[in-house]
Structures are given as structure tokens and as C-alpha cells.
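Some notes on the structure that comes next.
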Amino acid sequence: MDQCLISVIIPVFNDPQGLENSVNSLLRQDYDSNIYEIIIINNRSTDKTIDKIHELKRKNPDIIFSYSEDFIQSPAAARNKGIKKCKGIYLAFIDSDMTVEDQWLRKITKLVINKDYYYTGCRINMYYKSKNIISLYNSITGFPTEKYLFGKNYSPTGGLIVKKDLFNKVGFFDNRLITGEDDEFGKRVHKYGIEQHYVSEIYLNHPADISFTKSIKRWFRSGIGSMLMYYYYPELYNNLILVPLNPYNYFPPNPFKFIRSVDRNKWDKIKPWKKICLYFIQWLVKLVRVIGYTYGLLKQNKNKEYENINN
């Protein structure tokens, strides 16, 4: 390989089919294969993901490289491993279930690298094939990168492009966070005075077809993540503090706030009865996150007691 210009970093956990789709879209790029690489980080997968990684590497040994992050199970830890192992001047992070268009790397070169941007968020298109209400909910709540970037100073990591030198300036993703590491990293970048950009012409496709069970697990994990964000960064996330016994946490969410948070282009086309169902799903999300937050809080306090005993 010549001088590697772009490293595409993909953390993966138990998603062989999603990974294959993602990698195949990267292999179809209308781009010089000598100046980009695909870095796959296996993060404690227990299914056939490892076999799929070996298969993809065997077919494309000059462009695909894989490593394992076995010590910490979190997207932050997996991405940090990829950052340390990659050779690219620019790093593009995507999730294992995302796909990209054939011109994706060309657009990154033209719209990001040639302008010497250090931190760039891209558009994420949420799509779904099944007609169940959970997929619809996931598609309208999605990843509004532009709103996050200009309202909260961060881009979701699955869709983030950075110059590798940035990590020497501000540090890596925080391994302690199981969710929200992209939020904290973006705020750190902003604090250092580094300009953040949004390029809508560069986009990724993300499936919203997630089962009800997986969605519950994701919302529960998000609740734990919110607790950890407040625990480690109370000055940044004092809005995330939550008292589990406060009855307000179990009240229905503000409907106007919910409507403001969704993709309005999709929302306006939804039938009224479905809108009501989506609102009640938002209430369920709130309750599951409260349970996750409480679980995380109890576990964190137990760990602190253990540390105090051993100290």
C-alpha cells in the first residue's frame, strides 16, 4: 500500500451480516484502493462474526485488517484500538450495520481532506423495509447530525470524519462510557477551539429495522450510559442527573418536545393513529432509560463500596 490517506474504522459486536454489507459497500468505492484501508475491530463477539471477519480478510488481504478489543466491551474502546492501529491521515468511523455510496471516499477527499477539516459530521439516512411501528420510531428519531453538531457540539461517531492528528491534540474517546462517548469527545474538541463542520453531501445509510427486544436493550443501555456521563462529567451533564424515586421521571414525556425532536419530513406524512403509538413508544423509552439509569447507579455504588473495602 502507498501512503494511506483514509482509514475506515468499523467496530463490530455480533453482527456478521451487517458487517458484510458494510464492508462490501466500502469495497465498491470508486477510489484508488492503494490509499485507503478498512480496519475492523472485533469487540468480544460470540457468534459467527469472527468467521465473517476472517472470510472478508482472506478475500481482500491488502485492504482489510482486523484486530480485537477483548479487555473493554464498548464502542469507545474498540474505536480507540482502531485509531492506534490504523495508518491513515484521516479516519472515517462507521458502524457495522451502515453502508455507503460508491462515491463516499471521493466526497470525503473533495469536501473534507482538501479543505483540511479536522472534525466533520456527515448526514445519516435512516431507512426501513419492515412496516412495524418500532422501525418507524427508530427512523424518525434517528441521528440528526446537523442538530447535534450545531446545538450540542458533537457528531454521532458512526458518521464522523477526523484528522488523526486531532487525537494527539485532545486525546482519545473515553473508554469508561458505554454510550455518549461521541458527545463527550465532540464537546472536548469544541473546548479546544477546533472548528467543527457538517457536510450533508457526504451521507451514510443506517437501517432502522431493529427488533423490539434489541430496541429495549439499546434504550436500557442508553440509561446506563447517561448515568456514567453524569458520574464522570457532572459539570457537562448536570442535566442528566436523575433521582429514581422522583415521580416526574415516570410521567408521560412532553408531546411538543417529542415532536420537535423527530424528523419532521417523515412525521408530517404519518397517520394520526400511528403518531399516538409513536408517542407512547417515546414514553416507554423514557421508562426503560430510567430503569437503566437506576441499574447503573446501583452497580456503580456497589463498585465504589468494593473499592473502599479493598483500600
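All of the numbers you see were taken from the coordinates with simple rules; none came from a lab. Note that the coordinates shown come from a computational prediction; the quantities given were computed from them, not determined experimentally. Neighbour counts run over all protein chains shown; Cβ positions are idealised from the backbone, glycine included.
Annotation: extensible slack from Y231 through D30 equals 67.9 nm (criterion: 0.36 nm per residue apart, minus Cα-Cα distance). Over the residues of the chain, the helix contribution to mean residue ellipticity at 222 nm works out to -14000 deg cm²/dmol, using -39500 (n - 2.57) for each DSSP H run of at least 4. Shape analysis of the stretch 213-310 yields a ratio of the Cα radius of gyration to the Kirkwood radius, Rg/Rh, of 1.08. For K257, a cut-off of 17 angstrom between C-alpha atoms picks up these aspartates and glutamates, skipping any fewer than 8 places away in its own chain: D268.
In this label model, F167 and K110 are separated by 2.9 nm, measuring between points 7 Å along each Cα→Cβ vector. Beyond 31 Å between alpha-carbons counts as too far, so tell me which of K187/K275; K57/K191; K147/K169 fall in that bin. In this structure, K187/K275; K57/K191 exceed 31 Å between Cα atoms. Over the chain, the fraction of Cα-Cα pairs per 20 Å bin, rounded to whole percents and listed from the shortest bin up, is 30, 59, 10, 0. Distance between the 7 Å Cα→Cβ label points at C4 and I259: 4.9 nm.
The label-point distance for K191 and N238, in a model that sets each label 7 Å from Cα toward Cβ, rounds to 1.5 nm.
Ordered by the count of other Cβ atoms within 10 Å of each Cβ, fewest first, I276, I53 give I276, I53.
Look at W273, W267, W104 and count the other Cβ atoms within 10 Å of each Cβ; fewest to most, that gives W273, W267, W104. Taking the C-alpha atoms only, the angle from helix 212-232 to the longest principal axis of the chain is near 90 degrees. From most to least packed by mean Cβ count within 10 Å, the peptides 206-218, 40-52 give 40-52, 206-218. A protection proxy built from the mean count of other Cβ atoms within 10 Å ranks the segments 223-235, 5-17, most packed first, as 5-17, 223-235.
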